[in-house]
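Asker: Dropping the structure in here first, questions after.
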Amino acid sequence: MDTRPLLSTPRTSDYQSVGKTLREAEKRYVKTLDNRKMFLATFSAVLGNFTFGYALVYPSPVIPVLEHGGDPTLHITDAEISWFGSVFALGTCFGGLSSMFLNDWLGRKLSIMFSALPAAIGFLLMGSAQHVSMLLLGRILTGLAGGLTSSSIPVYISEISHAGVRGALGACPQLMAVCGALVLYALSIVVPWRWLAIVGEIPVITMLILLCFMPDSPRFLTAKGKTDRALKALEWLRGPNTEYREELKRIEDSLMNTNTSLTCKDLSERHYYKPILIAVSMRFLQQMSGINPILTYLEPIFNRTKVILPGKYDAALVGLVRLLSVLVAAIVMDKAGRKILLFISGSLMMVASLAMGLYVHFTVDAKHNSTTFNTTLIGPGPHVEPNYLTVIPLICIMLYILGYAFGWGPITWLLMSEILPLKARGVASGLCVVVSWITGFVLTEAFLPVVSAFELETPFYFFTFICICCLIFTYFVVPETKGRTLEQIECYFQSGRRSFMR
């Protein structure tokens, strides 16, 4: 007979037994599911990320055309070019702030659909721009849409998916953003810059139409007391011949003692503030590693370093490498785990940034040869005879993008949606986007002035230091969430017991 007092502290073995029982039940349930409609809902949502990736890198092929007077109706200064590249991030901040309210008011799905309005107007303004102000406003509006989708889509996907595929589906936002960037780079080789903006309307309209037929998040519906709709959503997502009612019961149990609104008092509790701090810190480090200015100014960077191929072709190659990397990451994420991929990713980015900085330092001696080297990034750079050494910048950027796309790109999105408690998910995901894109705006806006004042190698040395910080942060702070249900992850932060994560 068990003689322990009824109010005694549970033993570690009790937590381990509970965690093991939950995992085994989840595995049995996963094997019975029909995932086809869930994949369709995911695809419909991540078209918003395709638009986001497309709009993010739009300045890369456009800046060289405008800077060299390729369009006589528009005259743009170096300062305006810097704003054209960075103001997208400012719009994304506003979108993230809006999502903090819209996610919990309209729901995840309707928030994603709402993003179609500023995206469509923004592309239309850029495609028909007769003044720089129209370009800047278009960038702000497409950034606003990007902020909404960045915070809403990962949460929506995590809440309609199950533990068996959440890692792979969690990589889909980043995958589609990469596809959007690749399509932009590829089209820019043959399509005029104004038509690039018009083409951007296609995924926006497609997303809006498809989402009209998709269900909202069952967890969101349950939290709002709409149990019947949540049950229908689960039946649609899982299939009518599955134990979806049991899944709804688990969702209801996890919400039983949870209020739907987050209070300041809640934020003082460890199981709220710790996952929020982890998610926010990861998005901060992700942006500080330099991905936003590198992607925004990719073609000008290649033009500056005299890569062996024309900049637009190099940009397309980098986009292809980025896509392949995200595909590999999506396949192995639920097998290798989140932390090991973050370690590999941070290491590759660190090596690539350092190599790029050293290459620029030792091969482009701008400080002592000012007559052949413009002090801005945008200029065409010094004339050199093509040689095999000029392939190094392409390899460095490819390695950096490969590393980023392998871990710190998709996993920060995925972990944000996994570790944030349901009660704080709408507000906290918006906060993550705001912090991320304020950082991205400052870094992108400062990139050109820093290059002008301290040369191109300086920001790459800085990115190297940040990548080292990413590795340290991963080792000491990031939890492993592979194969865990959202309820197990929340139990881990509530109890501090690692048995829920084993």
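Asker: Does Leu66 satisfy being farther than 27 Å from Ser152 by Cβ, open to solvent by less than 60 Å² (accessible area, probe 1.4 Å) and at pLDDT 65 or above?
Answerer: Taking the combined requirement at face value, the residue satisfies it.
Asker: Of the numbered conditions (1) modelled with pLDDT of 90 or more; (2) surrounded by fewer than 24 Cβ atoms within 10 Å (Cβ to Cβ); (3) touching an Asp or Glu at 6+ places or on another chain (Cβ under 8 Å), Ala163 satisfies every one except a single condition; which is it?
Answerer: For Ala163, the failing item is (1).
Asker: Which of the residues spanning segment 110-160 are buried (at least 24 other Cβ atoms within 10 Å of the Cβ), at pLDDT below 90 and farther than 18 Å from Val433 by Cβ?
Answerer: Matches in segment 110-160: Ile160 only.
Asker: Among the residues of segment 391-436, how many are among the β-branched types (Val, Ile, Thr) and open to solvent by less than 10 Å² (accessible area, probe 1.4 Å)?
Answerer: 6
Asker: How many of the residues in segment 168-199 are farther than 20 Å from Ser44 by Cβ, in contact with an Asp or Glu (Cβ under 9 Å, 6 or more places away or on another chain) and either modelled with pLDDT under 85 or open to solvent by less than 10 Å² (accessible area, probe 1.4 Å) (or both)?
Answerer: 1
Asker: Can you name the residue in segment 281-306 that is in contact with a Cys (Cβ under 7 Å, 6 or more places away or on another chain) and outside any loop (DSSP other than H, G, I, E, B) and is also surrounded by the fewest Cβ atoms within 10 Å (Cβ to Cβ) among such residues?
Answerer: So, considering only residues that are in contact with a Cys (Cβ under 7 Å, 6 or more places away or on another chain) and outside any loop (DSSP other than H, G, I, E, B), the one surrounded by the fewest Cβ atoms within 10 Å (Cβ to Cβ) is Leu285.
Asker: Please work out which one of (1) open to solvent by 10 Å² or more (accessible area, probe 1.4 Å); (2) part of a helix (DSSP H, G or I); (3) not β-branched (Val, Ile, Thr) is the condition Leu309 fails and give its number.
Answerer: Going through the list (1) open to solvent by 10 Å² or more (accessible area, probe 1.4 Å); (2) part of a helix (DSSP H, G or I); (3) not β-branched (Val, Ile, Thr), Leu309 breaks only (2).
Asker: Then there's this: Does segment 201-209 include one or more residues that are among the acidic types (Asp, Glu), touching a helix residue (DSSP H, G or I) at 6+ places or on another chain (Cβ under 9 Å), surrounded by 14 or more Cβ atoms within 10 Å (Cβ to Cβ) and at pLDDT 90 or above?
Answerer: yes
This table checks each residue for (1) modelled with pLDDT under 80; (2) over 28 Å from Gly96 (Cβ atoms); (3) not aromatic (Phe, Trp, Tyr).
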| position | (1), (2), (3) |
| --- | --- |
| Leu358 | no, yes, yes |
| Pro380 | yes, yes, yes |
| Pro393 | no, yes, yes |
| Leu402 | no, no, yes |
| Leu420 | no, no, yes |
| Phe441 | no, no, no |
| Ile466 | no, no, yes |
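The values are calculated or read from the model by the stated rules, or taken from the named source; none is laboratory data. In this text, all values refer to a predicted model and were calculated from it rather than measured experimentally. Here the Cβ is made from the backbone with ideal geometry for all residues, glycine too, and neighbour counts use every protein chain on show. Please note that ligands, DNA and RNA were not included when accessible areas were found on the heavy atoms of the full protein model with its side chains. Shrake-Rupley method; radii C 1.70, N 1.55, O 1.52, S 1.80 Å.
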